[in-house]
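First comes the structure, then the notes that go with it.
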Amino acid sequence: MPNDSDGRSAPRDVSRRHLFKQVGLAGAAAAVSAAVPTAAIAQGAAPATPGAVAKPDPAPPPPPAASPAMPRLEALETLTAAEADILEAMVARLIPTDENGPGASEARAAHYIDRALTGPLRGARASYAANLAALDAYAQEKKGAPFAKLDPEAQDAVLTDMEKNIATGFTPSAAAFFALVRTHTIQGTFCDPYYGGNADFVGWDLIGYPGLRLTVTAEEQRMGARPAPMRQSAYADGSFAMSGAGKKGGGHGHRP
């Protein structure tokens, strides 16, 4: 990982350069539409590989996403307003908006996490409550202000301390919580919009994933060809409804 001038590895570099090595083009689209297994969350650990992520039950379609430039408009389902502000600031630095395009903030990754904490990620609720408070306390101690009020450079320094497990006050450790939130941020940025993240398909656009397609034209199979984006949730496809996946009803009371 590239180092900055003071020898620290910036989380910004983790998010932009190493992110795509972790998830890949097809891997990102498939893996992050699933939730982290409850057992892994209870231990404060992220799954080792995208393939280890368990697929959640289907959830009801999310409310319309606000414009990326707009403040948070959705009603919080799990987090408190203070927790949501800290988490919003954290995910915005993990996958930042930069010259490459929109990031986790525009994708509304924090909204995805808030929703998921009522369902498949509910085992992580206590971890989020304790460790978001710990993050704010550490930022106050080291930088003199709440995490959400720090400038991006100071926020990156705090997150680097977490990633390197230098930061104190976290349970079970700063590095474990950093990895957990990074995993969930990747999920929320690149998931099917059905799950409440990837607003306006900004995550798919970022990695060039064209969306679900059941047929591929000869032109799209040409070397160097870039498929036109479908910009449609997989769950909006008629074949999903016909398969009976939406008829069981189990996922409609179980929001990820």
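The values are calculated or read from the model by the stated rules, or taken from the named source; none is laboratory data. Predicted, not measured: the structure shown is a model, and the values here were computed from it. Cβ sites come from the backbone with ideal geometry, for glycine too, and all protein chains shown count toward neighbours.
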Which members of region 138-167 meet the condition of being within 11 Å of residue 93 (Cβ to Cβ) and among the polar types (S, T, N, Q)?
155, 160
Expected output for region 74-93 (first residue within 11 Å of residue 155 (Cβ to Cβ) and crowded, with 21+ Cβ neighbours inside 10 Å, partner of a type in the set (Asp, Glu) and at pLDDT 95 or above, Cβ below 8 Å, 6+ apart or cross-chain) is 86/136; 93/156
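Given the criteria at pLDDT below 90 and either in contact with a Pro (Cβ under 6 Å, 6 or more places away or on another chain) or among the charged types (D, E, K, R) (or both), does residue 239 qualify?
no
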Out of the residues in region 120-156 meeting the condition of being touching a residue at least 12 places away in the same chain (Cβ under 8 Å) and acidic (Asp, Glu), tell me which one is nearest to residue 179 (Cα to Cα).
156
When region 156-172 is examined, which residues are found to be within 20 Å of the chain's Cα centre (by Cα) and of a type in the set (A, V, I, L, M)?
158, 159, 162
Examine region 194-202 for a residue that is more than 14 Å from the chain's Cα centre (by Cα) and in contact (Cβ under 8 Å) with a residue 60 or more places away in the chain, and state whether such a residue exists.
yes
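Quick grid of which residues meet (1) among the small types (Gly, Ala, Ser); (2) modelled with pLDDT under 80:
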{"position": "199", "(1), (2)": "yes, no"}
{"position": "209", "(1), (2)": "no, no"}
{"position": "216", "(1), (2)": "no, yes"}
{"position": "220", "(1), (2)": "no, yes"}
{"position": "225", "(1), (2)": "yes, yes"}
{"position": "230", "(1), (2)": "no, yes"}
Condition test on residue 88, is it under 19 Å from residue 196 (Cβ atoms) and at pLDDT below 95?
no
Cβ contacts < 7 Å: first residue over 11 Å from residue 91 (Cα atoms), restricted to region 102-114; second residue surrounded by fewer than 24 Cβ atoms within 10 Å (Cβ to Cβ) and small (Gly, Ala, Ser), any location; separation 6+ or different chain. Result?
114/84
Out of the residues in region 94-110 that are in contact with a Leu (Cβ under 9 Å, 6 or more places away or on another chain) and in a loop (DSSP other than H, G, I, E, B), state the one that is surrounded by the most Cβ atoms within 10 Å (Cβ to Cβ).
95
